[in-house]
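*Asks:* Before we start, here is the structure in question, set down as structure tokens.
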Amino acid sequence: MRKISAPPLCAAIVLIAFFAFAGCQTMPPESVEPPPAAAQPVVEEPEPLVPVVEVALWPQPFAAGMGEELFIEISVEAGTPVAVWSVRVMDVDYPSELFYEISGVGEVPGLLVWDGIGFSGVAMRQGAVYPGVVTVTSVYGPTATVEIYVLASDPALTLVMIVPPIFFGPDSDSFWGVAEADENEATLARIAEIFARFEGYSLRIEGHANPTTPPGTPEREEEEIGTESVLGLQPLSDWRAQAVLERLVELGVERERLSAAGMGGSRVVADFRDVGNWWRNRRVEFILVR
């Protein structure tokens with residue numbers, strides 16, 4: 001019998017090494033994650049600051065349209081570049097309408113001068129307080145606003161403060177249980193704030209009502225006085241003025257500087273035939289008296 005001899009040991013080692021080398025060549029290399037990038041600090045751009053603005057008016061009150069001039073000084077914090085600026089004075093009867101405006105581009109002039117005559121050529125009404133606002137916008141965007149009140153002098157030294165209306169419930173002296181209650185509170189708080197600026201003045205609060213009957217008739221007289229079943233305009237307006245006075249006292253106004261009176265329907269601003277404007281007759285006026 002013929003003997004078969006085993007392959008030499010060296011041949012077996014060569015074969016094993018060959019297949020091991022071939023296997024290493026066909027396997028994909030392991031992926032290596034790159035080291036994380038160093039975190040970069042977040043630099044936030046500073047918010048542009050609202051310009052710091054101060055406004056001074058003198059003399060106050062002044063004789064508008066009678067040769068006297070109002071000086072308006074607007075001071076802007078040093079180093080604030082100004083894009084545009086304006087001084088707007090609103091109409092005393094229609095506060096949403098413009099009575100007069102001075103405006104410009106760039107740096108605000110040191111001193112502005114106005115004779116008190118509006119765009120229509122009519123001078124400010126004597127004894128009225130005209131609301132207004134000064135606006136200054138920086139080149140970076142933010143705008144500063146400063147409310148102002150311009151007083152036109154009256155020989156009697158009486159000034160009427162024009163404010164948004166106070167809304168009352170029908171035949172009521174309450175201004176809380178109405179849809180405009182929040183507006184009422186904001187208006188009264190604003191009045192208390194404005195009045196604080198007028199040291200040396202007292203404030204007379206006058207309530208006015210709207211008559212719904214023709215003037216000069218027995219019906220109008222009855223409407224003013226009232227009957228057993230219907231509250232008259234005179235007592236109604238008196239109660240409303242007193243209610244406003246009490247709320248101003250609660251808001252910090254000294255009681256001794258306040259007085260209240262009801263005028264009924266005796267001083268209307270809208271004609272009886274102008275039904276669409278009857279609401280203007282239902283008002284409370286605030287009169288500054290020196």
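The values are calculated or read from the model by the stated rules, or taken from the named source; none is laboratory data. Quick caveat: nothing in here was measured; it's all calculated off a predicted structure. Here the Cβ positions follow ideal geometry from the backbone for every residue, glycine too, while neighbour counts run over all protein chains shown.
*Asks:* Cβ-Cβ distance below 6 Å, separation of 6 or more or different chains: which pairs start in region 109-120 with a residue that is in the same structural domain as residue 64 (by TED's automatic domain parsing) and end on one that is assigned to a loop (DSSP other than H, G, I, E, B)?
*Replies:* Final answer for the pair search is 113/69; 115/69; 116/64; 116/65; 116/124; 117/65.
*Asks:* Looking at region 54-99, which of its residues are surrounded by 19 or more Cβ atoms within 10 Å (Cβ to Cβ), touching a Gly at 6+ places or on another chain (Cβ under 6 Å) and farther than 18 Å from residue 134 by Cα?
*Replies:* The one that is surrounded by 19 or more Cβ atoms within 10 Å (Cβ to Cβ), touching a Gly at 6+ places or on another chain (Cβ under 6 Å) and farther than 18 Å from residue 134 by Cα: 64.
*Asks:* Another one. Being of a type outside the set (Lys, Arg) and outside any loop (DSSP other than H, G, I, E, B), is that true of even one residue in region 170-181?
*Replies:* So the first thing to find is which residues in region 170-181 are of a type outside the set (Lys, Arg), and the list is 170-181.
Filter once more, so that each one left must be outside any loop (DSSP other than H, G, I, E, B): 181.
Checked region 170-181: at least one residue is of a type outside the set (Lys, Arg) and outside any loop (DSSP other than H, G, I, E, B).
*Asks:* Might you let me know whether region 156-175 holds any residue that is within 19 Å of residue 55 (Cα to Cα) and at pLDDT below 90? So that I can check it myself, show each step before the final result.
*Replies:* Filtering region 156-175 down to residues within 19 Å of residue 55 (Cα to Cα) leaves none.
No, region 156-175 has no match at all.
*Asks:* For the subset of region 103-114 comprising residues that are part of a loop (DSSP other than H, G, I, E, B) and surrounded by 11 or more Cβ atoms within 10 Å (Cβ to Cβ), which member is nearest to the chain's Cα centre (by Cα)? I'd like the intermediate steps shown before the answer.
*Replies:* Within region 103-114, the subset part of a loop (DSSP other than H, G, I, E, B) is 106-111.
From the residues that got through so far, the ones that are surrounded by 11 or more Cβ atoms within 10 Å (Cβ to Cβ) too are 106-109.
On the way: 106: 25, 107: 25, 108: 23, 109: 25 Å.
Taking the candidates together, the pick is 108.
*Asks:* Name, by its number, the condition in (1) under 27 Å from the mean Cα position of the chain (by Cα); (2) surrounded by 13 or more Cβ atoms within 10 Å (Cβ to Cβ) that does not hold for residue 259.
*Replies:* So the condition that residue 259 fails would be (1).
*Asks:* Still on this model: Condition test on residue 213, is it of a type in the set (Val, Ile, Thr), surrounded by fewer than 17 Cβ atoms within 10 Å (Cβ to Cβ), more than 20 Å from residue 284 (Cβ to Cβ) and over 25 Å from the mean Cα position of the chain (by Cα)?
*Replies:* On the way: of a type in the set (Val, Ile, Thr): yes; surrounded by fewer than 17 Cβ atoms within 10 Å (Cβ to Cβ): yes; more than 20 Å from residue 284 (Cβ to Cβ): yes; over 25 Å from the mean Cα position of the chain (by Cα): yes.
So residue 213 fits the description; yes.
*Asks:* Please go through region 128-138 and pick out each residue that is within 22 Å of residue 159 (Cα to Cα) and surrounded by fewer than 19 Cβ atoms within 10 Å (Cβ to Cβ).
*Replies:* 133 - this is the single residue of region 128-138 that is within 22 Å of residue 159 (Cα to Cα) and surrounded by fewer than 19 Cβ atoms within 10 Å (Cβ to Cβ).
*Asks:* Also, quick follow-up: Checking the structure you have, find out if any residue of region 236-244 is of a type in the set (Asp, Glu) and surrounded by fewer than 15 Cβ atoms within 10 Å (Cβ to Cβ). Can you show your working first?
*Replies:* Taking region 236-244 first, the residues of a type in the set (Asp, Glu) are 238.
In the following step, the residues that additionally are surrounded by fewer than 15 Cβ atoms within 10 Å (Cβ to Cβ) were identified as none.
Scanning region 236-244 turns up no residue that is of a type in the set (Asp, Glu) and surrounded by fewer than 15 Cβ atoms within 10 Å (Cβ to Cβ).
*Asks:* Look through 132, 121, 141 and report the one residue that is more than 23 Å from residue 252 (Cα to Cα), part of a loop (DSSP other than H, G, I, E, B) and under 19 Å from the mean Cα position of the chain (by Cα).
*Replies:* Details: 132 fails: part of a loop (DSSP other than H, G, I, E, B); 121 fails: under 19 Å from the mean Cα position of the chain (by Cα).
Being more than 23 Å from residue 252 (Cα to Cα), part of a loop (DSSP other than H, G, I, E, B) and under 19 Å from the mean Cα position of the chain (by Cα) holds for just one of 132, 121, 141, which is 141.
*Asks:* What number of residues within region 210-246 are assigned to a loop (DSSP other than H, G, I, E, B) and touching a strand residue (DSSP E or B) at 6+ places or on another chain (Cβ under 8 Å)? So that I can check it myself, show each step before the final result.
*Replies:* Here is the first cut: in region 210-246, the residues assigned to a loop (DSSP other than H, G, I, E, B) are 210-217, 227-230, 232.
The next check asks that each one be touching a strand residue (DSSP E or B) at 6+ places or on another chain (Cβ under 8 Å); those that pass are 232.
Qualifying residue count for the region: 1.
*Asks:* Only one of these conditions is not met by residue 238: (1) acidic (Asp, Glu); (2) modelled with pLDDT of 95 or more; (3) under 12 Å from residue 205 (Cβ atoms). Which number is it?
*Replies:* (2)
*Asks:* Quick check: anything in region 147-170 more than 20 Å from residue 262 (Cβ to Cβ), polar (S, T, N, Q) and crowded, with 18+ Cβ neighbours inside 10 Å?
*Replies:* Yes, there is a match, as at least one residue in region 147-170 is more than 20 Å from residue 262 (Cβ to Cβ), polar (S, T, N, Q) and crowded, with 18+ Cβ neighbours inside 10 Å.
*Asks:* Restricting the search to region 84-102, which residues are at pLDDT 95 or above and either more than 17 Å from residue 57 (Cβ to Cβ) or not in a strand (DSSP E or B) (or both)?
*Replies:* If the condition is that a residue be at pLDDT 95 or above and either more than 17 Å from residue 57 (Cβ to Cβ) or not in a strand (DSSP E or B) (or both), then 84, 98 are the ones that fit.
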